[in-house]
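Asks: To start, I am sharing the structure in question, which I have written as structure tokens.
The values are calculated or read from the model by the stated rules, or taken from the named source; none is laboratory data. Values in this document were obtained by computation on a predicted structure and should not be read as measured data. Glycine also receives a Cβ, built like all others from the backbone with ideal geometry; neighbour counts cover every protein chain displayed.
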Amino acid sequence: MNFDEILRLEDFEPLARDAMEAGAFDYYVGGAADEVTLRDNVVAFGRRRLRPRVLVDVSRIDTSTTMLGTAVSMPVALAPTALHKLAHPEGELAVARAAAAAGVLMHAATFSSYSLEEIAAAAKGPRWFQLYFHRDRGVSRDLVTRAAAAGYGAVVLTADLPVPGYRERELRSHFVVPDDAGPGNYRSDSGDQDLLGYFTHEIDATVTWADVEWLRGVSDLPVVIKGVLTAEDAGLAAEHGAAAVVVSNHGGRQLDRCSASVDVLEEVVDAAGGDLEVYLDGGVRRGTDVLVALALGARAVLMGRPYLWALAAGGEAGVARAIELIRVELDNAMALLGVTRTDQVTRAHLM
Ligand SMILES: Cc1cc2nc3c(=O)[nH]c(=O)nc-3n(C[C@H](O)[C@H](O)[C@H](O)COP(=O)(O)O)c2cc1C
């Protein structure tokens, strides 16, 4: 399929709906309960207004930056998302190749369909490993040790899923992951449970900040805490030795009616006070969204669903097009905002 006619990330969604099995699509698209937060993530970006500066030489735009010292071609990374084989048989391997070719950072999820070693072997791009604490701590230790050995650059602890959110679409569909798409990192004795049951079975709800210290001792990898929405928790992340936080509500899939990510970004950035890098995800769909997040102090953003839709629609080529689209938009928006480098975007660029 030729993706040249796809001009915005959201155009991939209907293609994914056609390509995917209905229960799997529901798992991807859905949020928790009334999906207030899911919608708000996008709407809140739409409320923000930029303050462009004019008569600046913008003939050369450089979108590159670093994330914890790792060079990336733009401040947009691919968020950790589970079970990519539900979208496409090449799953995470296709995502890894597209991300590496474009020089963007990808995350391999604990619940990836391919193993973290297979993903690492697929392409040599920048990549971080996302961790859920397993009830058996030995499983988590093993995953982190393997990630370090396989060249992952950081461990991203997802802190906002002690238990799965109240996701009505999934409760209705009772979606069971087909055997050939199931998690590739380790064997589970969870049986034929639906996805919410599976997560409940696997993930440890007793985890606290003290376990962040434990995690830091398992490997030399920097620890990133994903799912921080308050100044208080940003402070605790710094206190417990995290290197970065991701301001995230898990794409509206966990606690419905918590804030849109962008609405609490400034609060977290202020609390981080330069001790932590701050990233954001949730509702990033446009190059201008990236600029809004940078203006509020994020170092980079992650996107989730858009690249999953692209993966379902066209495998590696689809993901490559999705990455290209946001890069083209970002490049264009930077020129029109009057900046040539991402570190020139400041609070003064936002109303
Ligand atoms: C289908 C799907 C699966 C996800 N799986 C994970 C996961 O395994 N671990 C995790 O930390 N976040 C997971 N997330 C959340 C994403 O990392 C990210 O926070 C969210 O998708 C960002 O919002 P966006 O989809 O609006 O870009 C998942 C999101 C979706 C849509």
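Asks: Residues of the stretch 232-276 being closer than 21 Å to Arg48 by Cα, in contact with a Gly (Cβ under 6 Å, 6 or more places away or on another chain) and more than 11 Å from the ligand (Cβ to nearest atom), which ones?
Replies: Val269
Asks: So is Asp289 among the acidic types (Asp, Glu), surrounded by 24 or more Cβ atoms within 10 Å (Cβ to Cβ) and either over 18 Å from the mean Cα position of the chain (by Cα) or within 16 Å of the ligand (Cβ to nearest atom) (or both) or not? Don't jump to the end; show me each part of the working.
Replies: On the way: among the acidic types (Asp, Glu): yes; surrounded by 24 or more Cβ atoms within 10 Å (Cβ to Cβ): yes; either over 18 Å from the mean Cα position of the chain (by Cα) or within 16 Å of the ligand (Cβ to nearest atom) (or both): yes.
Judged against the criteria, Asp289 is a match.
Asks: Any chance the stretch 320-331 includes a residue that's β-branched (Val, Ile, Thr), out of contact with any strand residue (DSSP E or B) (no Cβ under 9 Å at 6 or more places or on another chain) and either on the phi > 0 side of the Ramachandran plot or not in a strand (DSSP E or B) (or both)? Before you say what the answer is, go through the steps one by one.
Replies: Step one: of the stretch 320-331, the residues β-branched (Val, Ile, Thr) are 323, 326, 328.
If we keep only those that are out of contact with any strand residue (DSSP E or B) (no Cβ under 9 Å at 6 or more places or on another chain) as well, we get 328.
Of the ones still in play, those that are also either on the phi > 0 side of the Ramachandran plot or not in a strand (DSSP E or B) (or both) are 328.
Yes; the residues of the stretch 320-331 include at least one that is β-branched (Val, Ile, Thr), out of contact with any strand residue (DSSP E or B) (no Cβ under 9 Å at 6 or more places or on another chain) and either on the phi > 0 side of the Ramachandran plot or not in a strand (DSSP E or B) (or both).
Asks: Hey, does the stretch 108-118 have a residue that's loosely packed, with under 15 Cβ neighbours inside 10 Å and either touching a residue at least 40 places away in the same chain (Cβ under 8 Å) or touching a strand residue (DSSP E or B) at 6+ places or on another chain (Cβ under 7 Å) (or both)?
Replies: Residues of the stretch 108-118 that are loosely packed, with under 15 Cβ neighbours inside 10 Å, as a first pass: none.
No, the stretch 108-118 contains no residue that is loosely packed, with under 15 Cβ neighbours inside 10 Å and either touching a residue at least 40 places away in the same chain (Cβ under 8 Å) or touching a strand residue (DSSP E or B) at 6+ places or on another chain (Cβ under 7 Å) (or both).
Asks: Out of Arg146, Arg141, which single residue is farther than 23 Å from His250 by Cβ, charged (D, E, K, R) and without any contact (Cβ under 8 Å) to a residue 60 or more places away in the chain?
Replies: Values: Arg141 fails: without any contact (Cβ under 8 Å) to a residue 60 or more places away in the chain.
It is Arg146.
Asks: Among Ala101, Ala16, which is the only one that is in contact (Cβ under 8 Å) with a residue 24 or more places away in the chain, surrounded by 20 or more Cβ atoms within 10 Å (Cβ to Cβ) and outside any loop (DSSP other than H, G, I, E, B)?
Replies: Details: Ala101 fails: surrounded by 20 or more Cβ atoms within 10 Å (Cβ to Cβ).
Just a single option satisfies the conditions, and that option is Ala16.
Asks: Right, here's the next one. Could you run through the stretch 158-186 and say how many residues are buried (at least 16 other Cβ atoms within 10 Å of the Cβ), among the charged types (D, E, K, R) and in contact with a Lys or Arg (Cβ under 8 Å, 6 or more places away or on another chain)?
Replies: Here the count works out to 2.
Asks: OK, next. Note down all Cβ pairs under 7 Å where the first residue falls in the stretch 297-326 and is farther than 19 Å from Val42 by Cβ, the second is part of a helix (DSSP H, G or I) and hydroxyl-bearing (Ser, Thr, Tyr), and they're at least six residues apart or on different chains.
Replies: Partner pairs satisfying both residue conditions: Val319/Tyr307.
Asks: Being of a type in the set (Gly, Ala, Ser) and under 30 Å from Leu7 (Cβ atoms) narrows it down to one of Gly274, Gly282, Gly217, so name that one. I'd like the intermediate steps shown before the answer.
Replies: On the way: Gly274 fails: under 30 Å from Leu7 (Cβ atoms); Gly217 fails: under 30 Å from Leu7 (Cβ atoms).
Answer to the check: Gly282.
Asks: Being under 26 Å from Ala22 (Cβ atoms) and either within 16 Å of the ligand (Cβ to nearest atom) or modelled with pLDDT of 95 or more (or both): is that true of Leu131 here? Even if it seems obvious, please write down each step before you answer.
Replies: Working: under 26 Å from Ala22 (Cβ atoms): no; either within 16 Å of the ligand (Cβ to nearest atom) or modelled with pLDDT of 95 or more (or both): yes.
No, not satisfied.
Asks: Looking at Arg97, Arg146, Arg127, Arg135, can you tell me which residue is closer than 28 Å to Ala320 by Cβ, in contact with a His (Cβ under 9 Å, 6 or more places away or on another chain) and of a type in the set (Lys, Arg)? Give the derivation first.
Replies: Values: Arg97 fails: in contact with a His (Cβ under 9 Å, 6 or more places away or on another chain); Arg146 fails: in contact with a His (Cβ under 9 Å, 6 or more places away or on another chain); Arg135 fails: closer than 28 Å to Ala320 by Cβ.
After applying the criteria, what remains is Arg127.
Asks: Out of the residues in the stretch 59-86 meeting the condition of being within 16 Å of the ligand (Cβ to nearest atom) and more than 13 Å from the chain's Cα centre (by Cα), tell me which one is surrounded by the most Cβ atoms within 10 Å (Cβ to Cβ).
Replies: Among those that are within 16 Å of the ligand (Cβ to nearest atom) and more than 13 Å from the chain's Cα centre (by Cα), it is His84.
Asks: Only one residue in Glu213, Glu202 is more than 16 Å from the ligand (Cβ to nearest atom) and touching a residue at least 12 places away in the same chain (Cβ under 8 Å), so which one is that? Steps first, answer last, please.
Replies: Numbers: Glu202 fails: more than 16 Å from the ligand (Cβ to nearest atom).
Criteria check complete, one pass: Glu213.
Asks: Among the residues of the stretch 30-76, which ones are among the hydroxyl-bearing types (Ser, Thr, Tyr) and part of a helix (DSSP H, G or I)? Steps first, answer last, please.
Replies: Step one: filter the stretch 30-76 for residues among the hydroxyl-bearing types (Ser, Thr, Tyr), giving 37, 59, 63-66, 70, 73.
The one that is among the hydroxyl-bearing types (Ser, Thr, Tyr) and part of a helix (DSSP H, G or I): Thr37.
Asks: Looking only at residues in the stretch 140-185 that are closer than 13 Å to Phe199 by Cβ and of a type in the set (Phe, Trp, Tyr), which one is nearest to the chain's Cα centre (by Cα)?
Replies: For the stretch 140-185, the residue satisfying everything is Tyr166.
Asks: Another question, then. Just to be sure before I move on: is Ala313 surrounded by 24 or more Cβ atoms within 10 Å (Cβ to Cβ), over 18 Å from the mean Cα position of the chain (by Cα) and part of a helix (DSSP H, G or I) in the structure I sent?
Replies: Judged against the criteria, Ala313 is a match.
Asks: If you don't mind, there's one more thing I want to ask. Go over the candidates Leu308, Leu280 one by one and state the one that is crowded, with 22+ Cβ neighbours inside 10 Å and either in contact with a strand residue (DSSP E or B) (Cβ under 6 Å, 6 or more places away or on another chain) or part of a loop (DSSP other than H, G, I, E, B) (or both). Break it down into steps so the answer makes sense when it comes.
Replies: On the way: Leu308 fails: either in contact with a strand residue (DSSP E or B) (Cβ under 6 Å, 6 or more places away or on another chain) or part of a loop (DSSP other than H, G, I, E, B) (or both).
Exactly one of Leu308, Leu280 is crowded, with 22+ Cβ neighbours inside 10 Å and either in contact with a strand residue (DSSP E or B) (Cβ under 6 Å, 6 or more places away or on another chain) or part of a loop (DSSP other than H, G, I, E, B) (or both), namely Leu280.
Asks: Then there's this: Go through the stretch 217-230 and give me each residue that's surrounded by fewer than 18 Cβ atoms within 10 Å (Cβ to Cβ) and either within 16 Å of the ligand (Cβ to nearest atom) or under 14 Å from Leu276 (Cβ atoms) (or both). If you could, list the steps in order and put the result at the bottom.
Replies: Our first condition is that a residue be surrounded by fewer than 18 Cβ atoms within 10 Å (Cβ to Cβ); within the stretch 217-230, this holds for 217, 220, 230.
Thr230, the sole residue that qualifies.
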